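Participant: Have a look at this one before I ask anything.
The values are calculated or read from the model by the stated rules, or taken from the named source; none is laboratory data. Remember, it's a predicted structure, so these values are computed and weren't measured experimentally. Virtual Cβ from ideal backbone geometry, glycine too; neighbours counted across all protein chains shown. Remember, those area values only see protein heavy atoms, side chains included, never the ligands or the DNA or RNA. Shrake-Rupley method; radii C 1.70, N 1.55, O 1.52, S 1.80 Å.
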Amino acid sequence: MSRAAEKGRGRLVIVSNRLPVSFFRRKGQLTAVESSGGLASGLRSLLRRRDFLWVGWPGLATDDLSPREREFVAGELAERHCRPVFLSRSEFDGYYRGFSNGMLWPLFHYFARYCSFSDAHWRAYVRANEAFARAVLDAVRPGDTVWVHDYHLMLLPAMLRAGATRLSIGFFLHIPFPSSELIRLLPRRRELLEGVLGADLVGFHVYDYVRHFLSSARLLTGHEHRIGRVWLREREVTVDAFPMGIDFGRFSGAGREPEVAAELARLRARVGSERIVLSVDRLDYTKGLPERLAAFELFLRRYPKYQGKVCLVMLVVPSRVRIVRYRELKQEIDELIGRINGRFGSVGWTPVHYLYRSVSFPELAALYRGADVALVTPLRDGMNLVAKEFVASRESGSGVLVLGEVAGAAGELVGALAVNPYDRGEVAGALAAALAMPESEQRQRLAMMRPRVEHYGVSHWAADFLDRLSEASRRRSHRPGHLTGTRRARLIADWRRARRRLVLLDYDGTLVDFAGRPEEAEPDPGLLRLLKRLGSGERTRVVIISGRPRTTLDRWFGATGADLVAEHGGWVRVRGRGWRTMTMAGTDWKRDVRPVLEDYANRTPGTEVEEKELALAWHYRRAESRLGEARADELCQVLVELAAGKHCEVVEGNRVVEVRNQGVDKGAAARLLIRRYRPDLVLAAGDDRTDEDTFAAVPADGHTIRVGAGPSRARFRVKSNRELRALLNALIGDDNDNSG
Ligand code: ADQ
């Protein structure tokens, strides 16, 4: 997209707890300091090309600012496209230290024992989110896109949706989203989940978090989801993984900067010829720092030949220093380092070099380049950018990454030595293996990771998220109109005028209610009469387009004269002819899939497997609802993996999980029939996701009708199958009137 086009697109409003510029008081003077955080530097190039506004906390509480100073801060920020959200000291305390970092942060990182909840903190969290909502709603203009970041603002998307229903809203969580078992421990979890679901698009770093979020939403709020879309009453929310990257070029090219070379020389002077193991983190109990130190100590004991030859450079950025737990952690780390250096160190050798401060970019880049091994072993981490920064910095092709397997980055960085961060022996062993690794293997391993880190950089990440967000918002802004009054009258008039009509009707849910078991949903005589009369004239072709097997459709509708489409488009039968299949691919995949479905049917009372020619379906309508949903969720994960590389795909319908031949859908069959009959009027009706494919195949001026609630691309909506049948009856009445 050209720069002019990007500029004309409406603003991007970014909302995060912290602004990219924070204010501090130094010797009584207000000073602005630019943050070098990953988000701010990552979005820099995007923001150069787009109008934007950044809304967030300015770093000082209202109690610490006079009214004139507040004005000054707002003015300074406005020049940098930022808008402050002012909070009082106690509000900020309860919201930030209390609920965000005392409850959500530990719980989402699986540290349930560190959680503390209080109603006062929760109230402050709500009030702070409301203050953010007011600031955003005050500032947004039609056409703007709002991107909300992180766990501090989980209520904000729904608050914004309530204030501006048409706003395009995205939400990204930078930390893990834990299993629903943990979410169940969270007080106010419903409010938080509903809060996030105010967005059009919800993003996480990795697919595991997506899965956890979807199952929590289903179990705790009752919202159904199908392949990454949560269905609310009138809207759907897309949920997906967007692994955040880094500014690859900045780290990869840092070797050319003279400041980096100078820092590297300083580092060498300090450690001499010793080999360097590097550790870089914010001070946090999730980063596994005491565990890492203990593993390093074990390494020195188990592999004494490295004593005097290897040192650990441990860089820790002070963080959340006013929270007691962090102060205690700091003390524990100080003591451990003292112990290791005391026990193993000598006059000429310090085993652990400890830097407890923030460092400049040249210093950080020099450390990444100077190290032989990066030891990144968080106990939990949403992503972990340090690991990616190390990989990007190794343009020489040597260097080894030892990476904890529960960091979000572990799935992407496949060339790393993966370790369990709690297993000291394993970490110590990996460290020894890394130091002994031949350079050819180091190169090979880095070559497996560098292209990915380069390609999925932070700009790519942001652009990808925003593209998906605009797609999701476009889909939301479409709403089928209720087919009543003039809309209904106009449809009937069009019907009357048309010379060649094609009617595409789904069956279950669309023409009849669902029955407990599939075979019980037989058509009633009234419906059969209706279908027969509807298709009796020369001008109308009726098609039943269903997921049912062809034998059932033959038995039930053979006498109506309708054309039949079975198994979601797998088979087509035109009146007076035989069945024709729409796919050439075989069904070998059934051999692997059938036992899995049967196993689920055996283990889940009230569920059953249905075999069709081109599909296998697992029905769970009669299962206990929570169990059915939980198993369906689990089964889908298993099936998606099983289906990879085979000619089949997994589709979720209304209380059924189905595996079918790939490329077979109702849309393909509908397109075939439309080409064949060249109708001047198409009427299509359906009630679930599979019918959306039919709607997509119908020309824009066609009459597509969604039966029941839920988002849809259809033009019209009727409330129930009864309302649809009344409409079809009205059409017959008109026909009779005409012909009579
Ligand atoms: P963090 O927990 O802060 O981020 P991380 O992803 O590793 O963790 O990012 C840390 C950043 O700080 C890196 O860019 C690093 O270069 C920088 N840094 C570290 N030590 C430094 C020092 N001493 N001086 C200067 N800079 C230093 C949260 C989540 C992560 C997630 C990110 C991004 O906890 O899981 O990867 O957000 O979404």
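Participant: Out of A632, A623, A585, A617, report the one residue that is of a type outside the set (K, R), open to solvent by less than 20 Å² (accessible area, probe 1.4 Å) and part of a loop (DSSP other than H, G, I, E, B).
Facilitator: A623
Participant: Which numbered condition trips up R235, out of (1) in contact with a helix residue (DSSP H, G or I) (Cβ under 7 Å, 6 or more places away or on another chain); (2) open to solvent by less than 20 Å² (accessible area, probe 1.4 Å)?
Facilitator: (2)
This table checks each residue for (1) among the charged types (D, E, K, R); (2) open to solvent by 30 Å² or more (accessible area, probe 1.4 Å); (3) under 13 Å from the mean Cα position of the chain (by Cα).
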| position | (1), (2), (3) |
| --- | --- |
| W147 | no, no, no |
| P157 | no, no, no |
| T165 | no, yes, no |
| I175 | no, no, yes |
| G195 | no, no, no |
| L201 | no, no, yes |
| L214 | no, no, yes |
| R218 | yes, no, no |
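Participant: Could you list all residues from the stretch 252-298 that are assigned to a helix (DSSP H, G or I), open to solvent by less than 10 Å² (accessible area, probe 1.4 Å), touching a Phe, Trp or Tyr at 6+ places or on another chain (Cβ under 9 Å) and within 16 Å of the ligand (Cβ to nearest atom)?
Facilitator: Answer for the stretch 252-298, where residues must be assigned to a helix (DSSP H, G or I), open to solvent by less than 10 Å² (accessible area, probe 1.4 Å), touching a Phe, Trp or Tyr at 6+ places or on another chain (Cβ under 9 Å) and within 16 Å of the ligand (Cβ to nearest atom): A254, V260, T286.
Participant: Take the residues in the stretch 368-383 that are near the ligand (Cβ under 9 Å from one of its atoms) and open to solvent by 10 Å² or more (accessible area, probe 1.4 Å), then tell me which one is nearest to the chain's Cα centre (by Cα).
Facilitator: D381
Participant: State which residue is farthest from the ligand (Cβ to nearest atom) when the search covers only the stretch 13-26 and only residues that are over 29 Å from the mean Cα position of the chain (by Cα) and basic (K, R).
Facilitator: Only one residue fits best here, namely R25.
Participant: Got a sec? Which of E454, E412 is open to solvent by 60 Å² or more (accessible area, probe 1.4 Å) and of a type in the set (D, E)?
Facilitator: E454
Participant: Consider V73 against the criteria (1) over 22 Å from A139 (Cβ atoms); (2) modelled with pLDDT of 95 or more: it satisfies all of them except one. Which criterion is unmet?
Facilitator: (1)
Participant: Another question, if that's okay. Please determine, by comparing only the residues of the stretch 329-352 that are surrounded by 18 or more Cβ atoms within 10 Å (Cβ to Cβ) and within 15 Å of the ligand (Cβ to nearest atom), which one is nearest to the chain's Cα centre (by Cα).
Facilitator: L329
Participant: Let me ask something else. For the stretch 387-396, indicate whether the set of residues that are in a strand (DSSP E or B), within 16 Å of the ligand (Cβ to nearest atom), touching a residue at least 12 places away in the same chain (Cβ under 8 Å) and buried (at least 22 other Cβ atoms within 10 Å of the Cβ) is non-empty.
Facilitator: Pass one, the stretch 387-396, residues in a strand (DSSP E or B): none.
Among the residues of the stretch 387-396, not one is in a strand (DSSP E or B), within 16 Å of the ligand (Cβ to nearest atom), touching a residue at least 12 places away in the same chain (Cβ under 8 Å) and buried (at least 22 other Cβ atoms within 10 Å of the Cβ), which makes the answer no.
Participant: I would also like to ask the following. Going through the stretch 127-144 one residue at a time, which ones are touching a residue at least 60 places away in the same chain (Cβ under 8 Å) and of a type in the set (G, A, S)?
Facilitator: Within the stretch 127-144, A135, A139, G143 meet the criteria.
Participant: Give me the residue from the stretch 27-73 that is in a loop (DSSP other than H, G, I, E, B) and touching a strand residue (DSSP E or B) at 6+ places or on another chain (Cβ under 9 Å) and, out of that set, farthest from the ligand (Cβ to nearest atom). If you could, list the steps in order and put the result at the bottom.
Facilitator: Going through the stretch 27-73, the residues in a loop (DSSP other than H, G, I, E, B) turn out to be 27-28, 35-37, 49-51, 58-61, 65-66.
Subsequent filtering for residues that are touching a strand residue (DSSP E or B) at 6+ places or on another chain (Cβ under 9 Å) retains 35, 37, 50-51, 58-60, 65.
Values: S35: 10, G37: 7, R50: 21, D51: 24, P58: 20, G59: 17, L60: 22, L65: 27 Å.
Only one residue tops the list, namely L65.
Participant: For the stretch 299-328, which positions are open to solvent by less than 50 Å² (accessible area, probe 1.4 Å) and within 14 Å of the ligand (Cβ to nearest atom)?
Facilitator: V313, M314, L315, V316, V317, S319, R320, Y326
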